[in-house]
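Report on the structure given below.
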Amino acid sequence: MGGLILGSAIGSFISRQQTITQTITRTVTVTKTPAQLVKTRKFKAAWIYVGPIGDYGWTYEHDQGRKVVERVLGPKGLNVISETSYRESVPEDRVSKVIEDFISQDYDIIFTTSFGYMDATNEAAKRHPDRIFAHCSGYKRLAPNIATYFAEAYLAYYLNGIMAGAITKTNKIGYVAAHLIPEVIRHINAFTIGVREVNPKAEVYVVRIGAWYNPPKAREAAEALIAQGVDVLAFTEDSPTVLQVAEAYQNKGI
């Protein structure tokens with residue numbers, strides 16, 4: 001503001017000295033602030049889940065997040081989000097169709113919450129530059145309207161590994177893994193580093209079940225590990241099955 005006042009004063013002085021009359025025409029463009037835009041535009045947000053919302057794991061927690069968004073940003077909150085929706089238990093080869101279904105219903109923001117949705121999400125982002133996509137656990141961002149996100153869960157796995165290494169009596173620790181993809185390998189590595197921080201003699205045995213949510217396979221893997229002498233179990237899969245198996249064996253005194 002001080003610069004504008006000073007500039008006006010200098011201009012006025014020169015004009016008087018040279019007795020030159022000047023006419024200045026300005027075009028002023030009025031833009032809306034973000035707050036004003038929020039008041040004039042509300043968004044619809046959708047979530048696509050790889051498992052059921054009742055898995056008490058990955059999908060359950062994502063849906064809890066959706067409910068927070070609805071409560072805080074929805075009509076009863078800041079009123080930024082007009083509507084949320086979700087589709088559960090969507091196979092990877094069906095996610096493209098589900099994305100297009102949401103877009104046909106005028107959803108503005110779409111969260112795809114599984115690693116295997118990565119390519120389909122990027123392709124959809126390129127097809128629909130006017131929509132926003134957020135993909136969980138992926139590493140590809142092939143369009144300006146796609147974001148990736150993930151929690152630093154490996155830190156918790158490292159701490160879990162320290163505890164596992166400290167309490168094992170057989171020096172055999174089992175890990176039930178859904179898939180051997182970057183995020184899961186990161187968890188296994190962090191867990192194993194934690195184990196060996198306190199127990200260099202301990203070994204970690206990994207069984208891949210090939211599914212994010214398959215309780216029978218998770219149970220089979222956990223029991224197979226126990227049969228090999230494993231006395232501590234960890235996992236990256238979306239059901240509470242491994243915990244249930246461990247609890248059942250503990251109650252039996254095994």
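Read-outs: derived from the displayed coordinates by stated rules, not from any lab. These numbers come from a predicted model, not from an experiment. Reconstructed Cβ throughout: ideal geometry from the backbone, glycine too, with neighbour counts over all protein chains shown.
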Exercise. Once both labels are modelled 7 Å past Cα along the beta-carbon direction, what's the Glu197-His128 spacing in nm?
Worked result: 4.3 nm
Problem set entry | Members of Lys67/Lys217; Lys42/Lys126; Lys97/Lys217; Lys172/Lys201; Lys169/Lys252; Lys140/Lys217 lying beyond 19 Å, as alpha-carbon distances in this model show | Lys67/Lys217; Lys42/Lys126; Lys97/Lys217; Lys140/Lys217
For this session: Would you order Thr148, Thr59 from fewest to most other beta-carbon atoms within 10 Å of each residue's own beta-carbon?
Result: Thr148, Thr59
Exercise. How big is the equivalent ellipsoid of segment 132-189 along its three axes, where each semi-axis is √(5λ) from the Cα gyration tensor, reported in whole Å from largest to smallest?
Worked result: 32, 11, 6
For this session: Lys and Arg at +1, Asp and Glu at -1: add these up for the other residues within a Cβ distance under 13 Å of Tyr158 and post the number.
Result: 0
Exercise. Looking at segment 96-207 from every direction and averaging, what is the projected area of its Cα convex hull in nm²?
Worked result: 7.8 nm²
Problem set entry | Local net charge near Asn122, Cβ-Cβ under 13 Å (Lys/Arg +1, Asp/Glu -1) | +3
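Would you mind giving the average projected area, over all directions, of the Cα convex hull of segment 56-152 in nm² with one decimal?
6.5 nm²
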For this session: Return the FRET efficiency for the residue pair Tyr205, Arg71: r is the Cβ-Cβ distance, R0 is 41 Å, and the value is rounded to the nearest 0.05.
Result: 0.45
For this session: Just report the Cα centroid separation between segment 190-254 and segment 99-135, whole Å.
Result: 34 Å
Seminar exercise, completed: Projected onto their principal axes, the Cα atoms of segment 154-251 stretch, largest extent first, over whole-Å spans of 33, 32, 18
Exercise. Quick one: Asp238, Asp101, fewest Cβ neighbours within 10 Å first, how do they rank?
Worked result: Asp101, Asp238
For this session: Tell me the label-point distance for the pair Ala224, Arg41, using the 7 Å Cα-to-Cβ offset, in nm and rounded to one decimal.
Result: 5.1 nm
Exercise. So what's the net charge close to Ala227: Lys and Arg +1, Asp and Glu -1, counting the other residues with Cβ under 12 Å from its Cβ?
Worked result: -2
